[in-house]
1. Quick one, what does Rg over Rh come out to for region A:5-246 if you take C-alpha atoms and the Kirkwood Rh?
2. Would you mind ranking B:LYS42, B:LYS35, B:LYS152 by Cβ crowding within 10 Å, fewest neighbours first?
3. Full-extension gain between A:TYR266 and A:SER376, please, as 0.36 nm times their residue separation minus the C-alpha to C-alpha distance.
4. Just list whichever of A:LYS53/A:LYS89; A:LYS157/A:LYS309; A:LYS279/A:LYS318; A:LYS279/A:LYS403 have alpha carbons separated by over 22 Å in the model shown.
5. In region B:14-170, with Lys and Arg counted as +1 and Asp and Glu as -1 at Cβ, which of these residues, B:THR18, B:GLY41, B:LEU55, has the Cα nearest the positive end of the dipole, that is, farthest along it?
6. At a threshold of 8 angstrom on Cα-Cα distance, excluding pairs fewer than six apart, so keeping six or more, what relative contact order does chain A reach in percent?
7. Across the residues of A:68-76, average count of Cβ atoms on other protein chains within 10 Å?
8. Which of B:VAL121, B:ILE5, B:GLY82 sits farthest toward the positive end of the charge dipole of chain B, with +1 on the Cβ of Lys and Arg and -1 on the Cβ of Asp and Glu?
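No value in this document is a laboratory result; all are computed from the given coordinates. Please read these numbers as outputs of a predicted model, since none were measured by experiment. So basically every Cβ, Gly included, is an ideal-geometry build from the backbone, and we count neighbours across all protein chains shown.
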Amino acid sequence: MGKTITEKIFAKSSGNPDAAPGENVWLNVDTLMTHDVCGPPTIQIWKREFGEKAKIWDKEKLVIFPDHYIFTADKYANRNVEALRQFAKEHDFKNFYDVGTPRYKGVCHIALAEEGYNRPGTVLFGTDSHTCTSGAFGMFSTGVGNTDAAFILGTGKIWERVPESMKFTFDGELPPYLTAKDLILHILGEITTDGATYRAMEFDGDGVFSLDMYERMTLTNMAIEAGGMSGIIAADKVAEDYVKSRTDKPYEIFRSDDDAVYHSKYRFDASAIEPTVAKPHSPDNRDTARNVAGTRLTKCYIGSCTGGKITDFRFAAKILSGNKVAVPTFVVPASTEVARALEEETLGGKTLRQIFTDAGCEIAQSSCAACLGGPSDTVGRAVDRDVVISTTNRNFPGRMGSKQSEVYLASPLTVAASAVKGVIADPRDFIN
Amino acid sequence: MEKQIVGKAFVLGDNVDTDQIIPAEHLVYDMSDEKEARLYGKYALSSVPLEVSGLPQGGVPFVAQGEYASEFPIIVAGGNFGCGSSREHAPYALMKAGVKAVVAESYARIFYRNAVDGGFVAPIEAKEKINDGVKTGDELLVDLEKNVVENKTSGARWELRPLGDALPIIEAGGVFEYARASGMI
């Protein structure tokens, strides 16, 4: 009987070639990632449990990106970043991308890719639910809490249940008005927010392999929104080229066998999908942009690990170029590398940054910002009865700030089209 | 951990996510400082929309104004409890608010792991949907030996799924205690 890519990675990492779905196995962790919200409590637990002389199991394998509550006056939030700084100093720890230094990166899931931590065949755990994003590189990656992270920090090991896999195949290339965000919102509408609980979501088909790495990351990023343990896409030449350009560390490519067993399989014709939104208050509350067109908005938001990558801003710029936004629109590049690219990449002779500035957008510094609300002074935060359309990942009540607010999730094309009209709009009004 | 948990139930719906359990703006308090840590109890379930807070009638704050703990030690919910972010502050906040057990139809993976490995609250799965058979304020008895939950107010009983491999970890008080007791670390 064949194995899925996820089962093969579990077999390698656990040293148990027979590890089958449903079994709990101990994994050897290749990379542990944490950030400013969960890092300090993880370190506290690690010190409490392993004593004051606690040792990091492997300093090369730990990476810390402050990214959540960065540009704020909140004293508690700033204390958290300071705690990470102290930890890095105490332990002479190098993989720390501190705020206020040229090394500062921004949103961890994007930074992991850019800094070469995503390598095919490896196992990554992170104290953030969107750690599943890294699965776009043909690796196993998932989120855990602070206690599990503290356990890994001291031992390099963690127990995990071998997940069953679900396969999602997209046939055909995406038309110009669609993005990976539409595909994943479409899937969420099919399987709902617990449709993949405890399972791996494997993405396949020429529709997926025609996407670049950043668009693929949008698919794997939202696996958690279906309850998925992980999202995964086998590494191809596009993935290998990206990885080689970022690191010279070794990697190993696994692929699912033809006779691998899946919990379920879904197949979609990419060209038949329409620009898709998730209505308040759940990422599976699917509708088409066309059906909700005309809904009045008070804010538009383009940012986060899901929708703040350079590809997202290329899409948005196509529509915002030469247009003006009709409602306050926030542009939050996920990482400092993305922010630099906005100043370098051009469209019609203007940089993307100039296009957004001319359209009247507010451009903020790289961080998670209002995707998860954050402290009250967070840029773009939803207040009162705001109605927001956003390229982010969750729209549960209160996610972006005010619990009276309403959040629609959509692609960067749909958000940009809506920003210009001031009401929800179908990007096909701008792009054929 | 107690094998029999008795107390008043607080009833919620499906898909109660971690932002509703502990809103992101409160994730900054120091858990090792008791004065700050009790704020997690104060704000537990504070972002549940009021109309569905304390079903079936709604409008019941989980933690009363000015208090740091709840009068409800048992939470009864529908499917996919704890979905959303990986924040361990979610089961921690419930523990700080005085919750001893959650009985839901199903859990999101990370919340389940955090509840077990941190030794915060027992995430108990009912074999069927029970949140429409319990009213907020009903007196429940959760029996982890017999794997049943009894509504002492209405007399209804439901079967629970055994906690299986998670039970020894919960009994030990969390994954570290378990690993130490079993000689793993």
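1. Rg divided by Rh gives 0.98.
2. Numbers: B:LYS42 19, B:LYS35 8, B:LYS152 11.
By the 10 Å Cβ count, ascending: B:LYS35, B:LYS152, B:LYS42.
3. That works out to 35.4 nm of additional length.
4. The pairs that break the limit, which is 22 Å between Cα atoms, are A:LYS157/A:LYS309; A:LYS279/A:LYS318.
5. B:LEU55
6. Working: 1090 pairs, mean separation 76.0, N = 432.
This gives 18 percent for chain A.
7. Numbers: counts 3, 4, 0, 0, 1, 0, 2, 1, 8.
Counting Cβ atoms of other protein chains within 10 Å of each residue's Cβ and averaging gives 2.
8. Selected residue: B:ILE5.
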